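Reviewing the structure listed below.
The values are calculated or read from the model by the stated rules, or taken from the named source; none is laboratory data. A quick note: this is a predicted structure, and the numbers were derived from the prediction, not measured. Cβ coordinates were reconstructed from backbone atoms using ideal geometry, including for glycine residues, and neighbour counts include every protein chain displayed. For the accessible areas, the whole protein counts, side chains as well, though only heavy atoms, and no ligand, DNA or RNA atoms are used. Shrake-Rupley method; radii C 1.70, N 1.55, O 1.52, S 1.80 Å.
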Amino acid sequence: MSLLSVADALGRLLSAARPTRRTETVRLHEADGRVLAEDIAARLTQPPFDNSAMDGYAVRHADIAVLGSILSVVGLSSAGHAFEGTAAPGEAVRIFTGAPLPAFADTVLLQEDAEVLEDGRIRTTFLTPKGRHIRPRGQDFSEGEVVLKSGDVLDAGRLTVAAAMNHPVLPVYARPRIALLATGDELVPPGTPPGASQIIASNTYGVAALAREAGAEVIDLGIVRDDRQALLEAVRHALTQGIDVLVTLGGASVGDFDLVQPVLGEAGMELDFWRIAMRPGKPLMVGRLGAVQVVGLPGNPVSSLVCSHLFLAPLVRRLARLPAKDRQHPAVAAVPLRENDHRQDYVRARIARGPAGELLVTPLDKQDSSMMKAFAVSEGLLVRPPHAPAAPAGTPCAVLLLREPAA
């Protein structure tokens, strides 16, 4: 099977994705970032009454039509405490922002447009137009009006509106369920003293974080030893967990101990593609076990993370019904760039903002795919297309941002 381009591999992966149809009801404070599964209509009218948009005085416009008009102040209306009396012509009610407008009033005179006299009366110092500074009932929305639509991603603004419409809970699409299964006799969990031939398993934690950030519910199935039967049992167990995607970490290459692909085949996987024309991350594997998509990530932690950024995160967003999120941006090389071979290269790099806000890219000196520390200092990945020639500093290029660069 020949190497696929990154673009072709991503296209095939996403075209096979089936966005979740499962729904659930969540409380407002749990709904941030979720996708609405139904249209949401207002349960009340907002504002529920005419109210003042400013601090001032509720008046009849006829009483302030002449500059220098003098009015008596006969009451007060504040938020939560309406004025319930009456006011005769020539009388005003002190009013504050958000307070109900008294029935007699048709205008709000700003407090800075009124001079308070010694006897407590006020004199107008500005000719205020009729109807000014009033928020009419229903100006925002009316009871029964559909304000939020199915498919809307719930953010701070939409959650505020949902709360104002008197919805304590919302129907949303369920998060895609992603199971992570690490393989390898050499792996032990963090906090465990490794044996002479063992290393600490680190892949799972970064991959899980990326999947959650993209909108997934993650199930960690732990580490399975390099044993065909043990791996087959772990895969079958994973399929009982109601998952949408099974992600394996390691064992997807062609070595004597790389058992993942043959075991998945024994479990019934239909292989879609395997091996990508990219570096790091060539041995990526994609297939399907019934309704469950399978993504076989390389065991190398650096390769695993790069593939997760490029493939797993977009897949999760598609399954979660979230819009695609392209983190690739135009940039400028801060140093000369080397020529590239037939694979698309993702080079860990420091990224800073130039004087005009442009992204300036400096690849790290060491790019060995076994070196994880680079991810702690890299702001992004420089994307080098296949057969890209050597280029001088100042050459336009592209970067995949991992975190926001410093100014």
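For this structure, a couple of remarks:
- Mean residue ellipticity (222 nm) of the chain, computed from DSSP H runs ≥ 4 via -39,500 (n - 2.57), nearest 500: -4500 deg cm²/dmol
- Share, in percent, of DSSP beta bridges within the chain that are antiparallel, nearest 5: 65
- Summing Lys and Arg as +1 and Asp and Glu as -1 over all other residues whose Cβ lies under 14 Å from the Cβ of Arg343 gives a net charge of +1.
- Global geometry of region 307-395, whether rounded, prolate or oblate, following the gyration tensor of its Cα atoms and the 1.5 cut on a/c: prolate
- From most to least packed by mean Cβ count within 10 Å, the peptides 92-100, 364-372 give 92-100, 364-372.
- Nearby lysines by direct alpha-carbon distance to Lys373 (threshold 22 angstrom, same-chain neighbours under 8 apart not counted): Lys282
- Length gained when the stretch Leu76-Arg353 is fully extended (0.36 nm per residue, less Cα-Cα span): 94.3 nm
- What the Cβ-Cβ distance of Val169 and Leu271 gives, at R0 = 51 Å and to the nearest 0.05, is a FRET efficiency of 0.75.
- Residues whose amide H lies under 5 Å from that of Gly299, counting only those 5 or more places away or on a different chain, are Gly250, Gly251, Ala252; hydrogens are built 1.01 Å from N in the peptide plane.
- The packing ranking of peptides 17-23, 323-329, highest mean first, is 17-23, 323-329, where packing means the average number of other beta carbon atoms within 10 angstrom of each residue.
- Relative contact order of region 1-151, pairs being alpha-carbon contacts under 8 Å that are 6 or more residues apart, as %: 34
- Excluding ligands, DNA and RNA, the accessible surface per residue across the chain is 49 Å² with a 1.4 Å probe.
- Three-way shape call for region 207-305 based on the alpha-carbon gyration tensor, with the a/c threshold at 1.5: rounded
- Between Ala196 and Ala65, residue separation times 0.36 nm minus the direct Cα-Cα distance comes to 37.9 nm.
- Annotation: aspartates and glutamates with alpha-carbon distance below 19 angstrom to Lys366 (same-chain offsets under eight excluded): Glu339, Asp341, Asp345, Glu379.
- By average C-beta atoms within 10 angstrom, highest first, the peptides 163-172, 119-128: 163-172, 119-128
- Segment Arg228-Asp365, extension gain: residue separation times 0.36 nm, minus the distance between their alpha carbons: 45.4 nm
- Contact order normalised by residue count of region 165-273, Cα under 8 Å, 6+ apart, percent: 33
- Computed E for Leu28/Thr97 - FRET, C-beta separation, R0 35 angstrom, nearest 0.05: 0.90
- Helix 6-15 and the long axis of the chain differ in direction by around 60°, with both axes built from C-alpha atoms.
- Percent carbon-and-sulfur accessible area, the chain, ignoring ligands, DNA and RNA, probe 1.4 Å: 52
- Mean sequence separation of contacting Cα pairs (under 8 Å, at least six apart), scaled by the length of the chain, corresponds to a relative contact order of 16 percent.
- Using a Förster distance of 56 Å, the FRET efficiency for Leu14-Leu44 (Cβ separation, nearest 0.05): 0.85
- Within region 380-407: backbone nitrogen closer than 11 Å to the Ser5 label point (7 Å, Cα to C-beta): 386
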